[in-house]
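Notes follow the structure.
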Amino acid sequence: MNLNEISFFKEFSCMIKDCPNTCCKGWRVIFDEETYQRYLAEPGKNGIRLRSSIKKMNEEVYFRTSLKRCTFYEKEGTCNLQRTLGTDYMPLVCRMYPRFYQHYGSFAEETLFLSCPEAARLFLEHLDDLTFVKSDREITYERWGTNDDESYLQWLCELREAMIAEIWDETRNRADIFAELVAVMKEVQTSCIAGEKSVF
Ligand code: SF4
């Protein structure tokens, strides 16, 4: 099965203390079940420490925050949990972000979330090779998504390529291009929700 990654995927490295907007504050770090169970089973002082750092509400488990920052955030920009116990003890979302993994069934894609400043910088630095390349790595995660129509998925990939090509048309005004792309996507979404094959 094909695994495609954004061409600069492996270049990402967290800015840690130099990050202008750390992802360790401003939101709840929601847990995956595996990490939660690991914390519940952890013996000794570490177990007490881990369990006292989490909160459970409405079926969601997350880290307590202090001054709206993750309780493990250190002023040097490092994660105390990672530094003292290791990366394996971090919740899945912390180990992954800003990497984005999507297994579509017949292929998988890996890219970076633009909400991370360093990922955004890489996108801008790589405007000339803003494309997916084949990766030899194995896909280690489950298929996720609701689309079972392979031909529609293929069509969406081709549409994306066509839209990216449009962005590079230097003879046209960028604002017009983006307005047009948003309009196209709205129409595609509307026809998809209505169960129609798209008109493009
Ligand atoms: S937002 Fe990105 S660069 Fe900043 S701390 Fe998080 S992962 Fe690192």
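Of note:
- Whole-Hz ³J(HN,Hα) from phi, Karplus 6.51 cos²θ - 1.76 cosθ + 1.60, for segment 63-75, glycine and proline x: 6, 5, 10, 10, 6, 6, 10, 4, 4, 9, 5, 10, 4
- Altogether, the Stokes-Einstein calculation at 25 °C and 0.890 mPa s, with the Kirkwood radius of segment 24-96 over Cα pairs as Rh, returns a diffusion coefficient of 198 µm²/s.
- For segment 1-59, the Kirkwood hydrodynamic radius from C-alpha pairs, put into Stokes-Einstein at 20 °C and a viscosity of 1.002 mPa s, yields a diffusion coefficient of 141 µm² per second.
- In this Cβ point-charge picture (+1 for Lys and Arg, -1 for Asp and Glu), segment 40-169 has a dipole of about 1480 debye about its Cα centre.
- Intensity falloff of segment 58-98 expressed as log10 I(q)/I(0), Debye formula with alpha-carbon point scatterers, at q = 0.18, 0.30 Å⁻¹: -0.55, -1.21
- Amide H contacts for Ile54 (H built 1.01 Å from N in the peptide plane; partners 5 or more residues away or on another chain; cut-off under 5 Å): Arg64.
- Span-rule helices in the chain, defined as complete DSSP H runs reaching 15 Å or more along the axis (Cα) with Kyte mean at least -0.5: 150-167, 174-193
- Each of Val133, Pro117, Phe72 was scored by the projection of its Cα onto the charge dipole of segment 19-138, and the greatest displacement toward the positive side belongs to Phe72; charges sit on the C-beta of Lys, Arg, Asp and Glu.
- Calculated from backbone phi, Karplus (6.51, -1.76, 1.60) coupling profile of segment 130-147 in Hz, x at Gly/Pro: 7, 8, 8, 10, 5, 10, 8, 5, 7, 8, 10, 10, 6, 4, 9, x, 10, 8
- For Phe100, residues with placed amide H under 5 Å, excluding near neighbours: Thr111, Leu112, Phe113
- With Cα atoms as the point set, the radius of gyration and Dmax of the chain evaluate to 20.5, 66 Å.
- Binned Cα-Cα distance frequencies in segment 79-138 - 10 Å width, integer %: 18, 38, 34, 10, 0
Here, each number is a calculation from the coordinates, and none is a lab measurement. All figures in this text were calculated on a predicted structure; none of them were measured in a lab. Note: ideal-geometry Cβ built from the backbone for every residue, glycine included; neighbour counts use all protein chains shown.
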